[in-house]
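These notes concern the structure reproduced below.
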Amino acid sequence: MKILKVVSINFFIFLFLILVIELLFGYWFDKNNLGPYMREHRMKKNPISVKFNNANYNFTYKRNYYGFRGDEINLEEIKIVLIGGSTADERYKPYEYTITGLLNQRLEKDINKKIINAGIEGQSTRGHIFNFEKWFPKLQGFNPNYFIFYIGMNDHLKDPNDNDEKTIIGHVANPSITELISDNIKSRSLLYDYIRKIKHKYYINKQKTVSYDFDIGIKNYTKKGFDFLTYDNAIKIYNIPNLKNENKDKIKTYLENIDKLVNLVAKYKAKPIFINQLAHNGNHNKTLFILNYSLIEHCKKKKYFCIDLAKSLNGKKDYWWDGVHTTPTGSQEIVKIIYPKLLEFLK
C-alpha cells in the first residue's frame, strides 16, 4: 500500500509539473497560435512513388511547420507566394517538376528570387480568402511582396451557394466539432508540438507510401480520345454574351472574390498576380472558359496583373495525368508560357 501511495503521489506531482510547464511555456494564450487551423497541412511528411514515361520517381512530399510545401524557412525570407488548389500544390510530383519548382529554377538564376508554395488541395478563391483570415495573420514576420493566384479550376466546380466548409476552405479547419476541439488543444500544447517536430524531422512511415502511375492515368482519361479546344477556336464557336448570362451567378461570385483578394493583398502592401488555367479538354469546358474569359476582362478593367494561360496553352494528352493535374511535361509547358510575363512583372 505504501508503494502504491508513493507511486500515486509521484504521478500526480508529475502531472502537476506537466500542467505548469504547459501553462507557462505552451501556446494556450498565444494570440498568434494557429489553434484549430492548418493541422491538416502542417508538418506533413508523406512518401510518394509515381511513374511517368516508364520512369519511377520516389520522393517525400513535405509541408513545413508553418504549412507551406517544402523545407523549413524563416517567414521573413518569404517574398513571393503561390496560392491555389491541388493544381498549385502538385502533391503527386517531385518538387523539381512542379510549376513552383520549375519557376524557381529560372527565377533564382535571373533575379535571385524564390516562390514559396502555399497551395492547398480543394481550395477555391473562397478558400484563399479564408487563408488571409485564419492562416497568414498568425505568421509573425510573414510579409511577402507578391501573391500569385493560380485559379479557376476549383471555382468552376463550386456552387456559389455551397456552404460546405470542407469544400470551401480545403480542410484548413476540420469541419467536425470534436476534431476542431482536438486540433485546437494539440496545436496549443507545448509537449505535443515538440513531439510532432521531432517526428517530422526524423521519422517517415514508408509503409504508407502513396503510389500513382501517370502513364496508366493518361490512358484512362484518354480512352475516348483526346480533344483539346484552343482559345482561338473557342472564340469562334461560343456566344460569349449567352455564356455570361448562363453563368452570371458564378461569374459574379468569382470576380467579387478576386476583388476581395486584391484588397487583402493590399494590406501587406504587396502586389497580386492572377493566372488562369485549363484541364485536358481545354476550352471545351464552357464554365471554366467563361470564368477564364471574365477574369481577363475584369483584370483589364481593374488594371490587375493577370497572365492568360488559357489563351496561350495548346494542350497535348501527356500534359495531364488524370485530366486535371499536370504531368512534369505539362508543368514544363505551363512554365514556358507564364515565365516571361512573370519575370517582366517581377523585375
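Please state which one of Asn10, Asn32 is loosely packed, with under 13 Cβ neighbours inside 10 Å, modelled with pLDDT under 80 and either of a type outside the set (Ser, Thr, Tyr) or assigned to a loop (DSSP other than H, G, I, E, B) (or both).
Values: Asn32 fails: modelled with pLDDT under 80.
Every option except Asn10 fails the conditions.
Residues that are in a loop (DSSP other than H, G, I, E, B) and not polar (S, T, N, Q) were ranked within region 181-207; the one that is surrounded by the fewest Cβ atoms within 10 Å (Cβ to Cβ) is Tyr203.
Yes/no per residue for (1) small (Gly, Ala, Ser); (2) touching a Gly at 6+ places or on another chain (Cβ under 6 Å); (3) at pLDDT below 95:
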{"site": "Ala266", "(1), (2), (3)": "yes, no, no"}
{"site": "Lys269", "(1), (2), (3)": "no, no, no"}
{"site": "Leu278", "(1), (2), (3)": "no, no, no"}
{"site": "Gly282", "(1), (2), (3)": "yes, yes, no"}
{"site": "Asn292", "(1), (2), (3)": "no, yes, no"}
{"site": "Ile296", "(1), (2), (3)": "no, no, no"}
{"site": "Lys301", "(1), (2), (3)": "no, no, no"}
{"site": "Asp308", "(1), (2), (3)": "no, no, no"}
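On inspection, Leu23 qualifies as at negative phi, of a type outside the set (Gly, Ala, Ser) and in a helix (DSSP H, G or I).
Looking at this structure, is Ile83 in contact with a strand residue (DSSP E or B) (Cβ under 6 Å, 6 or more places away or on another chain), in contact (Cβ under 8 Å) with a residue 12 or more places away in the chain, at negative phi and among the aliphatic types (A, V, I, L, M)? So Ile83 fits the description; yes.
The values are calculated or read from the model by the stated rules, or taken from the named source; none is laboratory data. Small disclaimer: the values here were computed from a predicted structure and weren't measured. Here Cβ is always computed from backbone atoms with ideal geometry, including for glycine, and neighbour counts include all displayed protein chains.
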